[in-house]
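For reference, the structure is listed below as structure tokens.
The values are calculated or read from the model by the stated rules, or taken from the named source; none is laboratory data. Given the structure is predicted, the values throughout are model-derived calculations rather than measurements. Heads up, the Cβs are rebuilt from the backbone with ideal geometry, glycines too, and the neighbour counts pull from every protein chain shown. Ligands, DNA and RNA are stripped out before the accessible areas are found, and what is left, the full protein with its side chains, is counted by its heavy atoms. Shrake-Rupley method; radii C 1.70, N 1.55, O 1.52, S 1.80 Å.
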Amino acid sequence: MPSKAEQARETRQAILDAAERLFAEHGVGEVSNRQISEAAGQGNHFAVGYHFGTKADLVRAIVRRHASEMEQRRTEMLAEIVGSPDLREWVSCLVRPATDHLAAQGGPTWHARFLAQVNTEPALRQTVIEEAVATPSMRANLDGMFRLVPSLPEEVRKERGDMSRLLIVHVLAERERALHEGGATARPTWEATAVGLIDAIVGIWLAPVSIAR
């Protein structure tokens, strides 16, 4: 028989799996803890609150179980391009940890759609930014990019950083959705998707800055 600690780990894993899928398919605000507990095979409808606390805590836990692998991948990539003057290499470090992670799952995934759904919830969007974006590797990644576009005003850097983040989130979510539904995808593989995203994001950062009127 599994120990109580093992049972607790299995229960937490089942809840995380169910919550990520339901949030991805229906939106965070449309899914109750009771629905998550039932989907996770838990007879106790208070299991979600017992193991994770608030919905924000549950969202944070889902983000963290994916972010650690992507953080490691980005750290490794950054170590290979220290001091590089090629903006494309820095943007690749921004994109490929996510596409590589999704490609490595080897089956149906919900994480990209989960992130897209959470980004529509003002109260939870900052949680995702803090957990998945404000990490040491991401800060180093952005600092490296900023050094290559020194003429961009600070407000433009912030704007284009937001554009890049949203583009990555929603392009990956659209591909994930198409794969899940068996429909056509814009690119044949996650690797090809990464190339397209890198092309677009480099273009965003190198675009001219017009004076607003």
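Structural remarks
- Between 0 and 90°, nearest 10: helix 4-26 axis offset from the chain longest Cα axis: 60 degrees
- Accessible surface computed residue by residue for the chain, with neighbouring protein chains in place and a 1.4 Å probe, gives 54 Å² per residue.
- Directionally averaged projected area (convex hull, Cα atoms, the chain), nm²: 14.3 nm²
- Compactness of region 76-185 as Cα Rg over 2.2 N^0.38 Å, two decimals: 1.15
- Computed in the context of the full set of protein chains, the accessible area of the chain at 1.4 Å probe radius has 54% of its extent on carbon or sulfur.
- FRET efficiency, 1/(1 + (r/R0)^6) with R0 22 Å, evaluated for ALA200 and GLU154 via beta carbons: 0.45
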